[in-house]
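See structure below.
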Amino acid sequence: MIKRLSNIFPSFLTSILDSYTQVFFSNNKLFALILILTTFVDPFAGISGLVAVVFANTLAYLIGFNRQNIKAGFYGFNSLLVGLGMGVFYQPGFQFFILLIFTSLLTLLLTVMMEGVIGKYGLPFLSLSFLLGIWLVTLASREFTALTISERGIYHMNEMYSIGGLSMVKTYNWFQELPLHESIKLYFRSLGAIFFQYHMFAGILVAIGLLIYSRIAFVLSLLGFFSAFFYYQFIGANIYELSYGYIGFNFILTAIAIGGYFIIPSGFSFLWVILLTPLISIFLTSTNAVFGLFQLSVFSLPFNLTVLLFLYILKFRDRSFTKPEIVGFQQISPEKNLYSQLNYKGRFGKYPAVSIALPFWGDWKVTQAHNGLLTHQGDWKHAWDFEVVDGEGLSFADDGHFREQYYCFHKPVLAPADGWVEEITDEVDDNDIGQVNLEQNWGNTIVIKHFDHFYSKLSHLEKGSFKVKKNDFVKKGDILAACGNSGRSPIPHLHFQLQANPFIGSKTLDYPIGHFILHKKLQFDLKSFERPETNDLVSNLEKNSALEKFFHFIPGQKLQFQAKTCTGDFPVDWEVQADAVNNSFIYCAFTKSKAWFRYDGDIHYFTYFEGDRKSLLYLFFLGAYKVTTGFYKNLLVRDSFPLSLVTNKGVIFLQDFIAPFWLFMKPEFEMEYVKLEDNFTNTNLLLRSTMQLKIGKYVLRKIEFEFEISRNGLTSLSIIEKDRKVEVNAVKS
């Protein structure tokens, strides 16, 4: 039946499997098979659950609900839980299955309604529709005389014998008699109870599946349950409340949801799991008292109330956004959420809203930086003074008695970012060398508004040199005026600062410069969102046309190469695409892989990969992980990968357990700009990069890449990992 439906409805089988794992916020297919097996420990319950989820997902397709949500199991898992519950509570029969189908429909409709009602607050609907569905059918069925309450579970041994004979009875007894502490047995039974299976075997199966899916989720399940167990002992509460229906699974599910799924796993998320334990206990005891009056179980109600309450109140924070930190891009895995977030914060987390460029062309020296010895002090300490110097470090030619002899005088001053000209002063005469104008301290000045409460100010400009006027819109790099010697300026220089107010003379803001090159005697350093220091020689990135042309990928662009490996040659066809929200990626139709990227005008970054990790696109993702479009000989560009994207499950298994607290594995990227040959007929560049996965100084894995790029794009790419070598060449037109 499922096979036939999967042919009719795209990804139908996946929607069934993910409906099982969605209970644990997962989409792991092996975990799904384990959970299905768990539900069939009670065969009738397993059949009821499967019928309910197949019917719900089929209706969801036919009605026209979102296919991605169906595929992910969002519309199926609540009906699954209702089906399992009904399969445990009632005896099989024709009337039962009719009721099951319509209850599944009711639960689906409640799920979609919850998605609309709760989703508008940016909150998950969790298992609320399951609760409403199971409560409604329980209350209504008391009037359905054709339904019979199940007697399964009363005579365990007889049921085990009827399922699998004497061997099944012995297996069941072996699990029941395992020499484990009662708390551990209660933990396993609570895990099984999530799927209405109340014995050790089912719980152990779920625990194994949980461990396969996520080591962090497994640790959190232990933390959640045993926090509750010890809390009940400490407070003197009734520990048997946890064993009544093994309702302790509320603590397990809450721990996984708060500790690692909706929240980035960290010491803070683990702490909140512990702090929320008493709240769950209060919800559990109080709701049990109320629902007990109607002979109803609270099931997962305490879990739902706690998680929704906590996620909702986090929306009202105005600080401490990382203590704990809400998941921004959900990857359906606590490990992936953690590794990606750590990597993103390391790469982009320090990036402010606006990337500020240096306001000039060429190489300039910082003659006074933040907290300067002369004028950059107090409320005006976050500023820079720049001058142009020659090879000997002098800022002027000849004797330097005249401002025109200074290299920076009359040099263009550029807009550091897009914005509107807020204020201009252009009536102050330029000083003779050694003279200062203390009455008009800032001299000729321009103030640019980049966004609310964020302005840049450039001062000591040359009188009459302005190319813009007040209220003009300027783009980054546009010429504004020329460097001069007006105001409190004994020699020509450029004063540059960021401020929160539009007024000339406003207090300064501590704000970094975006990408810039730091020039040293024997090398160049790429700096991103850092603050140049006094005596630094700096410049903006000067783009190389060949690098910019190749690494500035544009949606619709086709990339075609010929690859050669030890197993033979094959063509490579990629296409640059963009999703509905304009996130760009390179797509390989043959392997169904995607390499997501961003380009900020200076640097190409790969950000995420999904698909076949044996594909050439994956290797290209690793080798071109971060590329600046300016060429500087011997420049080293460094970065780091998310652990989940460069390691296999076997290698990373131990790291996962302690990842929220410490990473002992380091995935490193480095690219070296080796050679540039530029002439009238062509440009040839050689870049080398490496990907290394290290534990301390020990290298677990290393891949080396060599890029040859010309004006026509990528000429060749060589990839070496141990004895494996791949050669990629451009397709000749």
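Taking residues in segment 218-232 that are in contact (Cβ under 8 Å) with a residue 60 or more places away in the chain and in the same structural domain as Gly248 (by TED's automatic domain parsing), and partners anywhere that are assigned to a helix (DSSP H, G or I) and crowded, with 19+ Cβ neighbours inside 10 Å, the pairs with Cβ atoms closer than 6 Å and at least 6 places apart or on different chains are Leu220/Ala255; Leu220/Ile256; Leu220/Gly259; Leu220/Gly260. Looking only at residues of segment 655-692 that are out of contact with any strand residue (DSSP E or B) (no Cβ under 7 Å at 6 or more places or on another chain) and of a type in the set (D, E, K, R), we find that the one that is farthest from Pro324 (Cα to Cα) is Asp678.
If you go through segment 431-449 and keep only what is crowded, with 16+ Cβ neighbours inside 10 Å and either on the phi > 0 side of the Ramachandran plot or in contact with a Leu (Cβ under 9 Å, 6 or more places away or on another chain) (or both), you end up with Gly443, Asn444, Thr445, Ile446, Val447, Ile448.
Kindly establish whether Val576 is in contact (Cβ under 8 Å) with a residue 40 or more places away in the chain and either on the phi > 0 side of the Ramachandran plot or not in a loop (DSSP other than H, G, I, E, B) (or both).
No.
Only residues that are crowded, with 22+ Cβ neighbours inside 10 Å and either modelled with pLDDT under 95 or of a type in the set (Asp, Glu) (or both) were counted in segment 370-386, giving 1. When the residues of segment 472-490 are filtered to those that are over 16 Å from Glu427 (Cβ atoms) and in contact with an Asp or Glu (Cβ under 8 Å, 6 or more places away or on another chain), the one that is surrounded by the fewest Cβ atoms within 10 Å (Cβ to Cβ) is Lys475. Among the residues of segment 507-527, write down those that are assigned to a loop (DSSP other than H, G, I, E, B) and either acidic (Asp, Glu) or touching a residue at least 60 places away in the same chain (Cβ under 8 Å) (or both). Residues satisfying the conditions are Lys507, Leu509, Asp510, Tyr511, Pro512, Gly514, His515, Leu522, Gln523. Scanning segment 644-678 for residues that are within 20 Å of Ser340 (Cβ to Cβ) and of a type in the set (D, E, K, R) turns up Lys649, Asp656, Lys666, Glu668. State all residues of segment 377-392 that are free of Cβ contacts under 8 Å to residues at least 12 places away in the same chain and outside any helix (DSSP H, G or I); if no residue qualifies, say none. Result: Gln377, Gly391, Glu392.
For segment 530-573, a residue qualifies if it is assigned to a loop (DSSP other than H, G, I, E, B), without any contact (Cβ under 8 Å) to a residue 60 or more places away in the chain and at negative phi, and the qualifying residues are Phe553, Ile554, Pro555, Gln557, Thr567. Within segment 450-479, the set of residues being farther than 22 Å from Thr508 by Cα, assigned to a strand (DSSP E or B) and in contact with a Leu (Cβ under 8 Å, 6 or more places away or on another chain) comprises just one member, Ile479. Listed conditions (1) over 44 Å from the mean Cα position of the chain (by Cα); (2) within 14 Å of Gly484 (Cβ to Cβ); (3) touching a residue at least 24 places away in the same chain (Cβ under 8 Å) are all met by His401, apart from (2). The residues listed here are Ala397, Ala357, Ala417; of these, the one that is among the small types (Gly, Ala, Ser), outside the structural domain of Arg638 (by TED's automatic domain parsing) and in contact with a helix residue (DSSP H, G or I) (Cβ under 9 Å, 6 or more places away or on another chain) is Ala397. Considered as a group, the residues in segment 70-104 that are part of a helix (DSSP H, G or I) and among the aromatic types (Phe, Trp, Tyr) include one that is surrounded by the most Cβ atoms within 10 Å (Cβ to Cβ), and that residue is Phe77.
When you check Ile603 against the structure, is it touching a strand residue (DSSP E or B) at 6+ places or on another chain (Cβ under 8 Å) and at pLDDT 95 or above, yes or no? Don't jump to the end; show me each part of the working.
Details: touching a strand residue (DSSP E or B) at 6+ places or on another chain (Cβ under 8 Å): yes; at pLDDT 95 or above: no.
Criteria not met by Ile603.
The set of residues in segment 110-127 being assigned to a helix (DSSP H, G or I), surrounded by fewer than 22 Cβ atoms within 10 Å (Cβ to Cβ) and not aliphatic (A, V, I, L, M) consists of Glu115, Gly116, Gly119.
Taken over segment 1-43, the criterion of being modelled with pLDDT under 90, surrounded by fewer than 17 Cβ atoms within 10 Å (Cβ to Cβ) and among the hydrophobic types (A, V, I, L, M, F, W, C) is satisfied by Met1, Ile2, Leu5, Ile8. Of the numbered criteria (1) out of contact with any helix residue (DSSP H, G or I) (no Cβ under 9 Å at 6 or more places or on another chain); (2) crowded, with 17+ Cβ neighbours inside 10 Å; (3) outside any strand (DSSP E or B), the one Gln692 fails is (3). When each of Thr58, Thr107 is tested for being farther than 18 Å from Gln295 by Cβ, part of a helix (DSSP H, G or I) and out of contact with any Gly (no Cβ under 6 Å at 6 or more places or on another chain), the lone residue that passes is Thr58.
In segment 60-71, the residues that are among the hydroxyl-bearing types (Ser, Thr, Tyr) form Cβ pairs under 9 Å with partners that are crowded, with 18+ Cβ neighbours inside 10 Å and assigned to a helix (DSSP H, G or I), at six or more places apart or across chains, as follows: Tyr61/Phe12; Tyr61/Ser15; Tyr61/Ile70. Screening Phe201, Phe175, Phe226 for residues that are among the aromatic types (Phe, Trp, Tyr), out of contact with any Asp or Glu (no Cβ under 8 Å at 6 or more places or on another chain), assigned to a helix (DSSP H, G or I) and modelled with pLDDT of 90 or more leaves exactly one candidate, Phe226.
The values are calculated or read from the model by the stated rules, or taken from the named source; none is laboratory data. Predicted, not measured: the structure shown is a model, and the values here were computed from it. Every residue, glycine among them, receives a Cβ derived from its backbone with ideal geometry; neighbour counts consider all protein chains shown.
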